[in-house]
Amino acid sequence: MKTAAQKKKPVAADGATVKVTLVRSVAGTKASHRATVIGLGLGRVNSSRVLENTPEVRGMINKVSYLLQVG
């Protein structure tokens, strides 16, 4: 079983967050792009997540920006 310290998610230095919404279907896209969308926690069109504003998340958003709405 994990301890409380191991369960904590990495937090952005300034505590900033970013909301991403999947606005286009992943059908017909590259497999790596579909995996990136899943990695962001998005499943269906119009699903949204609020994520920490880290360089890793920003890179994932940049990779599939044509499928997302960021706000």
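The numbers here are math on the coordinates, done by the rules we state, and not lab data. What you are looking at is a predicted structure, and each value in this text was computed from that prediction instead of being measured. Positions of Cβ are backbone-derived with ideal geometry, glycine not excepted, and every protein chain shown enters the neighbour counts.
If Lys and Arg each add +1 and Asp and Glu each add -1, what is the summed charge of the other residues whose beta carbon sits under 14 Å from the beta carbon of V23?
Values: positive: K19, R24, R44, R49; negative: none.
Its environment carries a net charge of +4.
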- Message: With θ taken as phi - 60° and the coefficients 6.51, -1.76 and 1.60, list the Karplus ³J(HN,Hα) couplings across the range 20-25 in order, rounded to whole Hz; mark glycine and proline as x.
- Response: 10, 10, 7, 10, 10, 6
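Using a 10 Å cut-off on Cβ atoms, rank the peptides 34-42, 52-60 from the highest mean neighbour count down. Mind showing how you got there, number by number?
Working: 34-42: 16.6, 52-60: 14.1.
Highest to lowest by the protection proxy: 34-42, 52-60.
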